[in-house]
Amino acid sequence: MKISVATLLPDLIKEGLKWGILGRAVENGVIDVDVINIRDYTTDRHRTTDDYIYGGGAGMVMKPEPLYDLYDDLICKGRKPYVIYASPQGRVFHSEIAHELAKKDELLFICGRYEGIDERCMKIVDDEISIGDYVTSGAEFPVLVMIDSISRFYPGVVGNYDSVINDSHYQGLLDHENYTRPSEYRGMKVPEVYLNGNHKLIDEARLKNSLLRTAVKRPDLFSQKEFSVEEKRALAKLILELYQDVE
Ligand code: SAM
C-alpha cells in the first residue's frame, strides 16, 4: 500500500511513523510512505505556503499553487492517489472508513495548517475526513491517527488478523474484558470461566461481556447494532443471568 502525506511539518510525520506496529510495517516496506514537504513546491525565495485571507479576518490560509503543483507532479509520474483532506469539516473517521481506505491502492493525505487550505484545492480532493468534532492546530496528528488505524487492516501489518477483527468497533461492539497472570491480584480474581480452558464457554463469556460493556459504555452503538443469531442468543442468556442476579 502506498501512502503519501503532503505536509508543512515532514519531520513530525516521519517521527510518528517510526514506532510500534506501524513503524515495523513502514520499515519492512509493507506500507510505503512518501512524506512530501509542501514547501518543496514553492517558487519564491521565502518558500511561502500561506497568505492573508481575502475579505479579511484572523489568520492565514494555505496557498493553492504548491498543493496543485505537488498533485500534478504525482499525476505526471503516473500515480493516481485517492486524495484525502484531513479537516474538522469532513465525515467523521471510524473503523469502517479505515477498512474501506485500506483497500485503495494509493492514498494522498493533505495536511492543513493555519485556517486550512484555499477552497479551490477542494477540486483535487476526493474525500474530506475529520478525526472528531474538535479542532487541532494542524492535520499531522489526525493524519497519523488515520494512517495507523488504516494500516491495521492492511495484510501483514498486524501479525494476527484475528486481533484486528476482534477489536472494538469492527463488528459494531466493544472488545471484551481481558486478563493476564497472576490469576489473583490484590484479592481480585480472574473470572473462573477464563481459566478452565473450555473455549466454547470462553467464547460465549467474551461475547456476553462485549455485549454488556457496549450497552453500558456506548448505548449509541448498541442501539444501532444489527445482532447476529449468535449474538441474540448470547444476549438472551445475558439478560437471564442479570435477571437472576437481581432476584
Ligand atoms: N478554520 C478551520 C475550521 O474551522 O474548519 C480549522 C483550521 S485548523 C486550526 C488547521 C488544520 O488542522 C485544518 O485545516 C485541518 O487540516 C487540520 N484539522 C483540525 N482539526 C481537525 C480534525 N478534527 N480532523 C482532521 N483534521 C483537522
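Computed from the coordinates by the stated procedures, all read-outs in this text should not be read as laboratory data. These numbers come from a predicted model, not from an experiment. We place every Cβ from the backbone using ideal geometry, glycine too, and count neighbours over all the protein chains shown.
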Helix-only [θ] at 222 nm, the chain, -39500 (n - 2.57) per DSSP H run of 4+, per residue, nearest 500, equals -11500 deg cm²/dmol
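Looking at segment 114-144, which GluC sites (Glu not before Pro) are DSSP coil and have at most 15 other C-beta atoms within 10 Å of their C-beta?
Passing both the DSSP loop test and the Cβ count: Glu115.
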For the chain, the charge dipole (Cβ of Lys, Arg +1; Cβ of Asp, Glu -1; about the Cα centre) points to a positive end, and the Cα of Leu74, Leu207, Gly156 closest to that extreme belongs to Leu207
Gyration tensor (Cα only) of segment 66-153 to equivalent ellipsoid, semi-axes in Å sorted down, yields 20, 18, 10
Once Gln171 and Val216 are pulled to full extension, the length gained, defined as 0.36 nm per residue separation minus their Cα-Cα distance, is 14.5 nm
With +1 on the Cβ of every Lys and Arg and -1 on the Cβ of every Asp and Glu, the dipole magnitude of segment 187-247 about its Cα centre, in debye rounded to the nearest 20, is 180
Here, trypsin sites (Lys or Arg not before Pro) of segment 4-45 satisfying both criteria (DSSP loop; at most 11 other Cβ within 10 Å) are Lys18, Arg45
Rounded to the nearest 10 degrees, the helix 229-246 long axis (Cα) sits at an angle to the longest Cα principal axis of the chain of 60
In nanometres, the difference between 0.36 nm per residue of separation and the alpha-carbon distance of His199 and Tyr82 is 37.9 nm
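Quote the charge dipole size of segment 2-161 about the Cα centre in Debye, to the nearest 20; the model charges only the Cβ of Lys and Arg (+1) and of Asp and Glu (-1).
340
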With the charge dipole of segment 103-247 built from beta-carbon charges (+1 for Lys and Arg, -1 for Asp and Glu) about the Cα centre, the Cα from Ser228, Ile124, Gly138 projecting farthest to the positive end belongs to Ser228
Tilt, helix 64-76 to longest principal axis of the chain (alpha-carbon atoms), in degrees rounded to tens, equals 80
Each label sits 7 Å from Cα toward the beta-carbon; between Arg181 and Ile75 the label points are separated, in nm, by 6.0
Counting only DSSP loop positions in segment 129-220, the trypsin sites (Lys or Arg not before Pro) whose Cβ has at most 10 other Cβ atoms within 10 Å are Arg186
tail above 21 Å in the computed P(r) of segment 167-246, as % of all Cα-Cα pairs, reads 33
Taking Cα pairs closer than 8 Å and at least 6 residues apart, the relative contact order of segment 167-246 in percent is 31
Full extension between Glu119 and Lys103 adds, at 0.36 nm per residue less the Cα distance, a length in nm of 3.0 nm
Quick P(r) readout (the chain; Cα-Cα; 10 Å bins; whole %) gives 6, 24, 27, 19, 13, 8, 3, 0
Kirkwood Rh for segment 120-217 from C-alpha pairs, in Å, is 17.1
To the nearest 20 debye, segment 148-193 has a Cα-centred charge dipole, built from +1 on Lys and Arg Cβ and -1 on Asp and Glu Cβ, of 140
